[in-house]
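**Student:** Here's a structure for you.
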Amino acid sequence: MNFLIDNWTLVAIALLSGGMLLWPTLRRGPGGGLTPTAAVQLINREKGVVVDVSDPAEYAQAHVTGARNVPMEQFEKRLPEVVKNKALPVILVCPTGRRAQRALALAQKLGYEKAQVLAGGLRAWKDANLPVEKA
């Protein structure tokens, strides 16, 4: 106990630095999603399918190369048509990741166990200098 009292500044620095390391994880919240690098690995290694849940106008402006557009309004109806194999990883994307987070619950309800959200959405994809295309 004397060590803690005598070295309170070291203990405070250790706690503060630990908190700073955990901050990005805590800020992202539960089910924070995939990093762009992890998404590319899923696409390349496990034939992951990228589904953009943006509305058609947003999708036309920019989207992940090879992404399929399934707007949120049609998501439950069209996802089984677009991704027939429910065993494949599904990567859900929108401009910020918020809409994709809502789509995740619907995808899991439809039986897509490997569905995940791209954390940070299309913005994170662009920040990682990964390819985008316009329709």
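Only the coordinates and a few stated rules stand behind these numbers; no lab work does. In this text the structure is predicted, and so the values were computed from the model without any measurement. So basically every Cβ, Gly included, is an ideal-geometry build from the backbone, and we count neighbours across all protein chains shown.
**Student:** Can you give the FRET efficiency for Lys86 and Ala38, using 1/(1 + (r/R0)^6), R0 = 30 Å, r = Cβ-Cβ distance, to the nearest 0.05? Present the calculation step by step, with values, prior to reporting the outcome.
**Tutor:** On the way: r = 20 Å, r/R0 = 0.68.
Rounded to the nearest 0.05, the efficiency is 0.90.
**Student:** Separate question: Test of the criteria: in segment 71-112, which trypsin sites (Lys or Arg not before Pro) are in a DSSP loop and have at most 10 other Cβ atoms within 10 angstrom of their Cβ? Mind dumping the intermediate values first?
**Tutor:** Numbers: sites: Lys77, Arg78, Lys84, Lys86, Arg98, Arg99, Arg102, Lys109; in loops: Lys84, Lys86.
Those satisfying the criteria are Lys84.
**Student:** Rounded, prolate or oblate: which fits segment 86-129 when a ≥ b ≥ c are the square roots of the eigenvalues of the alpha-carbon gyration tensor, with rounded for a/c under 1.5 and prolate only if a/b beats b/c?
**Tutor:** Judged from the Cα gyration tensor, segment 86-129 comes out oblate (a/c at least 1.5, b/c at or above a/b).
**Student:** Rank these for me by crowding, Ile13, Ile5, going from fewest to most other beta carbons within 10 Å.
**Tutor:** Values: Ile13 11, Ile5 8.
Exposure proxy ranking, most exposed first: Ile5, Ile13.
**Student:** Counting only other residues whose beta carbon sits under 14 Å from that of Pro56, what net charge do I get with K and R as +1, D and E as -1? Walk me through the numbers on the way to the answer.
**Tutor:** Numbers: positive: Arg68, Arg78, Arg99, Lys134; negative: Asp52, Asp55, Glu58, Glu73.
Once all neighbours under 14 Å are counted, the net charge is 0.
**Student:** 222 nm [θ] for the chain, helices only, -39500 (n - 2.57) per DSSP H run of 4+, per residue, to 500?
**Tutor:** Values: 7 runs with 70 residues, N = 135.
The per-residue figure over the chain is -15000 deg cm²/dmol.
**Student:** Please list, in order, the residues from segment 54-76 whose amide nitrogen is less than 14 Å from a point placed 7 Å along the Cα→Cβ vector of Ala135.
**Tutor:** Output list for this probe position: 54-75.
**Student:** Suppose the chain between Asp6 and Thr65 were pulled fully straight at 0.36 nm per residue; how much longer would it get relative to their current alpha carbon spacing?
**Tutor:** Working: separation 59, 0.36 × 59 = 21.24 nm, distance 5.77 nm.
Result: 15.5 nm gained on full extension.
**Student:** Just to be sure I follow: if Rg is taken over the C-alpha atoms of segment 36-133 and Rh is the Kirkwood radius over the same atoms, what is Rg/Rh?
**Tutor:** Values: Rg = 11.9 Å, Rh = 12.9 Å.
Ratio of gyration radius to Kirkwood radius: 0.92.
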